[in-house]
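The values are calculated or read from the model by the stated rules, or taken from the named source; none is laboratory data. Computed from a predicted structure; not experimentally measured. Because the Cβ atoms are built from the backbone with ideal geometry, glycine has one as well, and the counts that use them run over all protein chains shown. SASA here: full protein model, heavy atoms, side chains in, ligands and nucleic acids out. Shrake-Rupley method; radii C 1.70, N 1.55, O 1.52, S 1.80 Å.
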Amino acid sequence: MFLIPYNRLSEEQKGIVRRISREQQNLFVEGPPGSGKTLISLYTLRDMVEEGTIRPLLLMYNHSLFGYLRTAMRELEISDNITIATKDKFFWNLATENGITHNGGSYEEKYDVLLSKLLGCNLRRSYDVTVVDEVQDLNPKEWLLVKRLSKRITSLGDFNQGIYETKLTKNEIVGQGLMERLTKIFRFHKNIAKIAALFSRTNDNLEAKVTKLSQTQPQIIQVDRAQEYPKIKEILNSLKNMRQRIGVISPDKDLLKDLSIYLSNQSVEFNYYPKNQDLREHDFTSTVPLLISSYSAKGLEFEHVILFGFNKSSSMVQKLQRENRLKDVIYVSITRTNANLYIIKTTDTISELSDINLFNNTTPTQVNDDWF
């Protein structure tokens, strides 16, 4: 199954699902990556739909998470009873319905004008409950609009995974109702937690929250720049027969495009969407490798993740460094895996990744081509 069955959830997770379904007030569910926040949102929606006639809304940030959640909702057979939308598209459509226009400018400027004008409208509470996944990615105006449109809000998120500069604070979310904390990580193992913790915004003990026992080590693979794509091809071929989900993640869309051309010429099967909105139609149950940007990978999960392209020469990486968001992007990228992590390293790789000393002095942190 694409989703973990309900009877395999932890008692902690089941307890929160029951409480969300029972409580008639706003609730914020906080938890680290891999703790099951998205699972909780889906099973909560299923219970709400099955127990009564309500009008629920499910909001998320990006197109890829829309496609991922829609795939999951189809498996739960609830997709026909819920309004599901990316937040930008939802508020743009709402502005159109209310006859709101803008006066030009950049996308961000036009969108901000529409939000401000919507806040000036007399909007009715159209939804019995709104579930917001990755709530830390909303900005304050969007959050105010969600509150106006919703009789009740269940928001789920982790402000340690905020890779967008939204200025929405955790206090603004917590102050609207009850709060629950997920304290355990079920999706990935301790060795992934060790490496992810190096890039965490907080000094939270990520490793102590992990329940999955595994001796699998993340692999940091040193190659010449010219051998980067052939090495990725080699890894993909080695994983092919396992028929599990694979994510090839990079912060640089140009490098993803170049890799897609190389793999195509090598007759390697993969999925790649130059336009982010096309991820809305992707089948996330597919075991064909998916080439995806770090931003679009946020909220997703794969059994295997290959990271590449965190290069000093990359304009995107340089931009992330200037904006002090690079560690956040690395953190999110690493925590997309359920099991195996491969980091491709070249002479151009940023020091944040190339200087990792994850294990003790007797365990190598780098493996060469012969070892692999």
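Does any residue of the range 282-304 turn out to be open to solvent by 10 Å² or more (accessible area, probe 1.4 Å), among the basic types (Lys, Arg) and within 28 Å of residue 187 (Cα to Cα)? Scanning the range 282-304 turns up no residue that is open to solvent by 10 Å² or more (accessible area, probe 1.4 Å), among the basic types (Lys, Arg) and within 28 Å of residue 187 (Cα to Cα).
Listed here are the residues, each with its yes/no results for (1) open to solvent by 40 Å² or more (accessible area, probe 1.4 Å); (2) touching a residue at least 24 places away in the same chain (Cβ under 8 Å); (3) closer than 26 Å to residue 76 by Cα; (4) in contact with a strand residue (DSSP E or B) (Cβ under 7 Å, 6 or more places away or on another chain).
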site	(1), (2), (3), (4)
247	no, yes, yes, yes
262	yes, yes, no, no
272	yes, no, no, yes
276	yes, yes, yes, no
309	no, yes, no, yes
324	yes, no, no, no
331	no, yes, no, no
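Would you check which residues across the range 191-201 are surrounded by fewer than 23 Cβ atoms within 10 Å (Cβ to Cβ) and either in contact (Cβ under 8 Å) with a residue 12 or more places away in the chain or assigned to a strand (DSSP E or B) (or both) and list them? Residues satisfying the conditions are 191, 194, 198, 199, 200, 201.
Of note, residue 359 does not satisfy the criterion of being at pLDDT 90 or above and aromatic (Phe, Trp, Tyr). Of all the listed residues (71, 83), the sole one being under 29 Å from residue 196 (Cα atoms), at pLDDT 90 or above and surrounded by fewer than 21 Cβ atoms within 10 Å (Cβ to Cβ) is 71.
Table: residues versus (1) modelled with pLDDT of 95 or more; (2) closer than 24 Å to residue 60 by Cα; (3) out of contact with any Ser or Thr (no Cβ under 9 Å at 6 or more places or on another chain); (4) surrounded by fewer than 17 Cβ atoms within 10 Å (Cβ to Cβ).
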| site | (1), (2), (3), (4) |
| --- | --- |
| 156 | no, yes, no, no |
| 189 | no, no, no, no |
| 208 | no, no, yes, yes |
| 217 | no, no, no, no |
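Checking each residue in the range 1-17 for being open to solvent by 30 Å² or more (accessible area, probe 1.4 Å), touching a residue at least 12 places away in the same chain (Cβ under 8 Å) and either assigned to a strand (DSSP E or B) or not hydroxyl-bearing (Ser, Thr, Tyr) (or both) picks out 1, 4, 12.
Condition check ((1) on the phi > 0 side of the Ramachandran plot; (2) surrounded by 19 or more Cβ atoms within 10 Å (Cβ to Cβ); (3) among the polar types (S, T, N, Q)) across all residues:
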residue	(1), (2), (3)
96	no, no, yes
100	no, no, no
103	no, no, yes
107	no, no, no
114	no, yes, no
124	no, no, no
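The set of residues from the range 90-129 being touching a residue at least 24 places away in the same chain (Cβ under 8 Å) and part of a helix (DSSP H, G or I) comprises 90, 91, 94, 112, 115, 116, 118, 119.
Restricting attention to the range 56-67, the residues that are open to solvent by 10 Å² or more (accessible area, probe 1.4 Å) and under 11 Å from residue 297 (Cα atoms) total 2.
Contact annotation: residue pairs with Cβ atoms under 6 Å, 6 or more positions apart or on different chains, pairing a residue in the range 130-147 that is hydroxyl-bearing (Ser, Thr, Tyr) with a partner that is part of a helix (DSSP H, G or I), are 130/146.
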